[in-house]
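Every number here is computed from the coordinates shown, using simple stated rules; none is lab data. Keep in mind that what you see is a predicted model, and the values were worked out from it rather than measured.
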Amino acid sequence: MSANETRLERDSLGEIAVPGEAYYGAQTMRAVINFPVSHLKPWRAFIWSMAAIKASAAKVNCDLGLLDPNIARVIEQAGGEIMNGDWNDQFLYLIHICRCRRSNLCRSWWWPYH
C-alpha cells in the first residue's frame, strides 16, 4: 500500500480507516482522533524497555515449554527490531497511567509534568 492509502479496521465501536502501512489498529487510531490532548511521543527508553521485557518473557516461556518455539522466535525478533528503533514511528502516543481514588483525584504514576 502507498503512504496515502488506508485500510478499514474494526473494533467494538465499528469500522475506522487506518493508514495502510500502519502496524497499529482501530483503537490506536481512535485515540489519535479522539484525544489530541498531547502530541508527546513515548520516551525511547520506555519503548525499548517494553520490547526487552516482551522478548525476554517469550524466551523464558519457551524455555519452560509454555510457548511454542516458533511463536517465541517471532516475538523475540520483533522485540529486537523495536529495540533497534526500527518501528519508532508506530508508537504514536505517550501512555499516561493514572490511579484514581475515591476522591476522584487522579495521580499520575510517572508523568513528569505535574
Non-local amide H neighbours of T6 (under 5 Å, H modeled in plane, Pro and chain starts lacking H): which ones? G20
Grab the Cα-Cα distance for N88 and L66, subtract it from 0.36 nm times how many residues apart they are, and report the gain in nm with one decimal. 5.0 nm
Does the stretch 1-77 come out rounded, prolate or oblate, given a ≥ b ≥ c as the square roots of the eigenvalues of its C-alpha gyration tensor, rounded meaning a/c under 1.5 and, failing that, prolate meaning a/b above b/c? prolate
